[in-house]
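Here is the structure we will look at.
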Amino acid sequence: MKKKRTLSTILLILLIIAFLASGGYLFHYFWMAKQTENELSQLQQIRQEAFSDTEEETEVKSETGRSIQKGYRKLYKKNSDLIGWVTVKNTKIDYPVMQTPEEEEYYIHRDFYGEYSSAGTLFVDLESNVQKPSDNILIYGHNMKTGKMFHDLLKYENESFYKNHKYIQFDTIYGNGTYEVIAAFRTHILTEKEDGFRYYQFFNAEDKSAFNQYVSGCKALTGYTIDTDASYGDSLLTLSTCAYHTDNGRFVVVAKKLTP
């Protein structure tokens, strides 16, 4: 009888420890999420104020010698890894985008200032060239349970959502760009032995056929019809986030740049 009571006591203690540990984890998770939200709000405010500021500002140039457009000069001074800003109206997607050629995934678990953050910061694939630019610019972001970062991308699986959110704004530090969605789909990262469509390997088309193959591959995976198409010579934007329908699942939205 005494042995049973001792065992019950031990089990109770273990349950209490597990409960406190899980509670502590949740508290830390949501506390970090709140910190991230506050930081991003500050960055958004800096950007908005910079665009609306009527005072003359000293020209700021990037490390390559190109002039940074007015709205991003203050942010660029804070962190020269900034390469642009992506926005989808009436969603939570309204974030800075980073690029670090020396370490592609540097911002996967870092905030804008380089401090640890489970949400990370949106970043551009190493093979994408914003300077040129490349035929396709690929941006990665986490699918956060809090609804932040690229979580709202998965809403494009719904055709009615797509119809109300056809346009994506991706401004680089050098100029602005509006993109129209041409595809939205679930897929996964393939192993070396698997055959299939590798959306994450397309950056510059060797020729018209290669470009069309990428576009048709994206549209074939889309669960509804999107009439808008892309032609060889168009600039593309691909947004990618994790999805949990399968191992290494991804949800992807592809858009083409509209001419001014």
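The values are calculated or read from the model by the stated rules, or taken from the named source; none is laboratory data. What you are looking at is a predicted structure, and each value in this text was computed from that prediction instead of being measured. Note that each Cβ is placed from the backbone with ideal geometry, even for glycine, and that neighbours are counted across all protein chains shown. SASA here: full protein model, heavy atoms, side chains in, ligands and nucleic acids out. Shrake-Rupley method; radii C 1.70, N 1.55, O 1.52, S 1.80 Å.
Please go through the range 198-225 and pick out each residue that is out of contact with any Phe, Trp or Tyr (no Cβ under 7 Å at 6 or more places or on another chain) and aliphatic (A, V, I, L, M).
Listed by number, the residues that qualify are A210, V215, A220.
Write out, first by first residue and then by second, each pair whose Cβ atoms fall under 9 Å of each other, whose residues are 6+ apart or on separate chains, and whose first residue, in the range 106-126, is in contact (Cβ under 8 Å) with a residue 60 or more places away in the chain and under 21 Å from F202 (Cβ atoms) while the second is open to solvent by less than 10 Å² (accessible area, probe 1.4 Å) and among the small types (G, A, S).
Matching pairs, first to second residue: D125/S240.
Restricting attention to the range 241-260, and to residues there that are of a type in the set (K, R) and closer than 18 Å to Y167 by Cβ, which single residue is surrounded by the most Cβ atoms within 10 Å (Cβ to Cβ)?
Among those residues, the one meeting the criterion is K256.
Could you list, in sequence order, the residues of the range 151-193 that are open to solvent by 50 Å² or more (accessible area, probe 1.4 Å) and touching a Leu at 6+ places or on another chain (Cβ under 6 Å)?
The one that is open to solvent by 50 Å² or more (accessible area, probe 1.4 Å) and touching a Leu at 6+ places or on another chain (Cβ under 6 Å): T178.
For the range 92-117, name all the residues that are part of a loop (DSSP other than H, G, I, E, B) and open to solvent by 10 Å² or more (accessible area, probe 1.4 Å).
Listed by number, the residues that qualify are K92, Q99, P101, E102, E103, E104, E105, D111, Y113, G114, E115.
Among the residues of the range 118-147, what is the count of those that are surrounded by fewer than 21 Cβ atoms within 10 Å (Cβ to Cβ), in contact with a His (Cβ under 8 Å, 6 or more places away or on another chain) and of a type in the set (G, A, S)?
1
Consider G196 against the criteria (1) on the phi < 0 side of the Ramachandran plot; (2) open to solvent by 30 Å² or more (accessible area, probe 1.4 Å); (3) without any contact (Cβ under 8 Å) to a residue 24 or more places away in the chain: it satisfies all of them except one. Which criterion is unmet?
(1)
Suppose we keep only residues that are charged (D, E, K, R), under 23 Å from N143 (Cβ atoms) and at pLDDT below 95 within the range 37-91. Which one would you say is most open to solvent (accessible area, probe 1.4 Å)?
E37
Take the residues of the range 146-176 that are under 16 Å from the mean Cα position of the chain (by Cα) and part of a loop (DSSP other than H, G, I, E, B): which is nearest to S134 (Cα to Cα)?
F150
Here are the criteria: (1) under 30 Å from S67 (Cα atoms); (2) open to solvent by less than 70 Å² (accessible area, probe 1.4 Å); (3) assigned to a loop (DSSP other than H, G, I, E, B). Tell me which single one T238 does not satisfy.
Only one criterion is unmet by T238, namely (3).
Please find, within the range 199-220, the residue that is most open to solvent (accessible area, probe 1.4 Å) out of those that are part of a loop (DSSP other than H, G, I, E, B) and touching a residue at least 60 places away in the same chain (Cβ under 8 Å).
The residue in question is N204.
Give me the pairs: first residue in the range 244-260 and farther than 13 Å from T222 by Cα and in contact (Cβ under 8 Å) with a residue 40 or more places away in the chain, second residue open to solvent by 50 Å² or more (accessible area, probe 1.4 Å) and among the polar types (S, T, N, Q), beta-carbon distance under 8 Å, and six or more apart or on different chains, which are they?
The qualifying pairs are K257/T178; L258/T178.
From the list Y179, Y224, Y199, which one is more than 21 Å from the chain's Cα centre (by Cα), at pLDDT 95 or above and among the aromatic types (F, W, Y)?
So the residue among Y179, Y224, Y199 that is more than 21 Å from the chain's Cα centre (by Cα), at pLDDT 95 or above and among the aromatic types (F, W, Y) is Y224.
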